[in-house]
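First the structure, in the form of structure tokens, and then the observations on it.
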Amino acid sequence: MSKLYLVPTPIGNLEDITLRALRILKEVDFILAEDTRTSGKLLKHFEIGTQMYSHHMHNEHKSVDGVLNRLKNGETCALISDAGTPAISDPGFLLTRACVQQNIDVECLPGATAFVPALVNSGLPNDKFVFEGFLPVKKGRQTRLTLLSEENRTMIFYESPHKLLKTLAHFGEYFGEDRQISVSRELTKLFEETKRGTVKEVLSYYTAKPAKGEIVIVVDGKK
């Protein structure tokens, strides 16, 4: 029976793959990967020979129809991103929505995603939170930050290393330098690090020690 599986992959440590994820990746008719070179290393490590095709932000609009046709013909497909859960700041939403609209079964496996461990180990309130992902680079950034300055729930952001200082400076400007934050980088990897403190303290730390790797920023809400 046709089905789309959304399969989380490790965000750094290969031991975080689940037994169920490995089984699905072996059993489906084909796999859609954000970067076939990156995912190829994962499949090779676990000796998975399923045919893989490219599906990323630059071609997903064009590839959706072809994937839908294969699914309608009874095939099964697994969608994976370079790391973590598909559609969380990665490709996946367009295909998932199309499948739902066409009454094709969609099943998302539980598994690795960066923002959950970053939130939990931040020490900030996690009973209510809002996931913001990446802030707008230019247009709409000021508007978004102004709106979020009134947010009383814990906020979660993704950021790249070369934009971290700029973003922390903006947090100081819009949220206040004394706002509590937590910056986690390289989660599950060898040099995993979480730095907690005020915006001013964390900005000072990473100004002196430039950050590397994937970054999740957790920000306390307005009190």
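The values are calculated or read from the model by the stated rules, or taken from the named source; none is laboratory data. The model shown is predicted, which means the values in this text are computed figures rather than measured ones. Every residue, glycine as well, gets a Cβ built from its backbone with ideal geometry; the counts of neighbours run over all protein chains shown. Just so you know, the surface numbers come from the protein's heavy atoms only, side chains and all, with ligands and any DNA or RNA stripped out. Shrake-Rupley method; radii C 1.70, N 1.55, O 1.52, S 1.80 Å.
A few points about this structure:
- Helix-only mean residue ellipticity at 222 nm for the chain, each DSSP H run of n ≥ 4 adding -39500 (n - 2.57), per residue, nearest 500: -10000 deg cm²/dmol
- Dipole magnitude for region 1-98: computed about the Cα centre from +1 point charges on Lys and Arg Cβ and -1 point charges on Asp and Glu Cβ, it is near 240 debye.
- Relative contact order for region 85-158, counting Cα pairs under 8 Å that sit 6 or more residues apart, in percent: 30 percent
- Positive-end ranking of P8, G84, A211 along the dipole of the chain, with charges on Cβ about the Cα centre, is headed by A211.
- By the compact-protein rule of thumb, 2.2 N^0.38 Å, the alpha-carbon radius of gyration of region 159-223 corresponds to a ratio of 1.03.
- Dipole size of region 28-186 about its Cα centre, with +1 on Lys/Arg Cβ and -1 on Asp/Glu Cβ: approximately 420 debye, rounded to the nearest 20.
- For region 28-73, chymotrypsin sites (Phe, Trp or Tyr not before Pro) are listed when DSSP marks them as loop and at most 14 other Cβ atoms sit within 10 Å of their Cβ; the list is F46.
- For region 6-58 and region 106-179, distance of Cα centres in Å: 28 Å
- Accessible area per residue for region 65-104 is 45 Å², calculated with a 1.4 Å probe on protein heavy atoms, without ligands, DNA or RNA.
- Computed in the context of the full set of protein chains, the accessible area of region 84-223 at 1.4 Å probe radius has 54% of its extent on carbon or sulfur.
- Distance cut-off 25 Å, percentage of C-alpha pairs in the chain lying past it: 46 percent
- Unit charges on C-beta of K, R, D, E only; dipole of region 107-199, Debye: 320 debye
- Percentage relative contact order, the chain, counting C-alpha pairs under 8 Å, at least six apart: 22 percent
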